[in-house]
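Okay, so here's the structure we're looking at.
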Amino acid sequence: RQAGAAVNVLVAWQVPEDRADAFGNAAAALSLVSHCYLRPAAPEWPYTLYTMMHAVSLEQVEQAVAQLARQGDFPHALLPTGTEFKKAKVRLYSDEFTRWEEQAT
């Protein structure tokens, strides 16, 4: 939100494996997309390609989704951010990490 994005939406796409690279490259080229990645599908969740979009309005996200749909009209699901929790940079092997690891194991 501090960067001006009032709307954050993870869009899950059901993209065939043979189209994933081309579609992912097109998605990653959009300025609204901060993350674009592939994951394996699951029987109850068929989506494989994910795009994290940050925008000033939901309409702007919907326009970007429509633009990507011209690359291939694949089934997709919009998952808006509900609550944003604290983000912290992980520093491996720091004293804080060592304390966390000791408590967690």
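The values are calculated or read from the model by the stated rules, or taken from the named source; none is laboratory data. All values reported here derive from a predicted model rather than from experimental measurement. Neighbour counts run over all protein chains shown; Cβ positions are idealised from the backbone, glycine included. All accessible areas refer to the heavy atoms of the entire protein, side chains included, with ligands and DNA or RNA removed. Shrake-Rupley method; radii C 1.70, N 1.55, O 1.52, S 1.80 Å.
At 0.36 nm per residue, and after removing the present C-alpha to C-alpha distance, how many nm does the segment from Leu38 to Arg70 gain when stretched out fully?
9.6 nm
Over the chain, with the other protein chains present, what is the accessible area per residue in square angstrom, probe 1.4 angstrom?
73
So what's the chain giving for Rg/Rh, alpha carbon basis, Kirkwood Rh from the mean inverse pair distance?
Ratio of gyration radius to Kirkwood radius: 1.08.
Suppose every K and R has +1 on its Cβ and every D and E has -1 on its Cβ; what is the size of the dipole of the chain about the Cα centre, in Debye to the nearest 20?
300
Please say if segment 59-105 is rounded, prolate or oblate, where rounded means a/c under 1.5 for a ≥ b ≥ c the square roots of the C-alpha gyration tensor eigenvalues, and otherwise the choice is prolate for a/b larger than b/c and oblate otherwise?
The shape class here is prolate.
Tell me, in nm to one decimal, what length is gained between Trp45 and Ser57 on full extension, where the rule is 0.36 nm per residue of separation less the Cα-Cα distance?
Here the answer is 1.6 nm.
How many percent of the accessible area of segment 1-75 is carbon or sulfur, using a 1.4 Å probe?
51
Based on alpha-carbon centroids, what's the gap between segment 91-105 and segment 51-81 in Å, whole number please?
Cα centres, segment 91-105 to segment 51-81: 38 Å.
Trypsin sites (Lys or Arg not before Pro) within segment 2-105: which are DSSP loop residues with at most 13 other Cβ atoms inside 10 Å?
Here the trypsin sites (Lys or Arg not before Pro) that fit, given the DSSP loop and packing criteria, are Arg70, Lys86, Lys87, Lys89, Arg91.
Let me have the 222 nm mean residue ellipticity of the chain computed from DSSP H runs of 4+ only, each contributing -39500 (n - 2.57), with the sum over all residues rounded to the nearest 500.
The helix contribution divided over the chain gives -9000 deg cm²/dmol.
Along segment 22-34, what does the Karplus equation 6.51 cos²θ - 1.76 cosθ + 1.60 (θ = phi - 60°) give for ³J(HN,Hα), rounded to whole Hz, x for Gly and Pro?
5, 5, x, 5, 5, 5, 5, 6, 6, 5, 6, 8, 9
Classify segment 1-50: rounded, prolate or oblate, from the alpha-carbon gyration tensor (a ≥ b ≥ c, eigenvalue square roots; a/c under 1.5 rounded; otherwise prolate if a/b is larger than b/c)?
oblate
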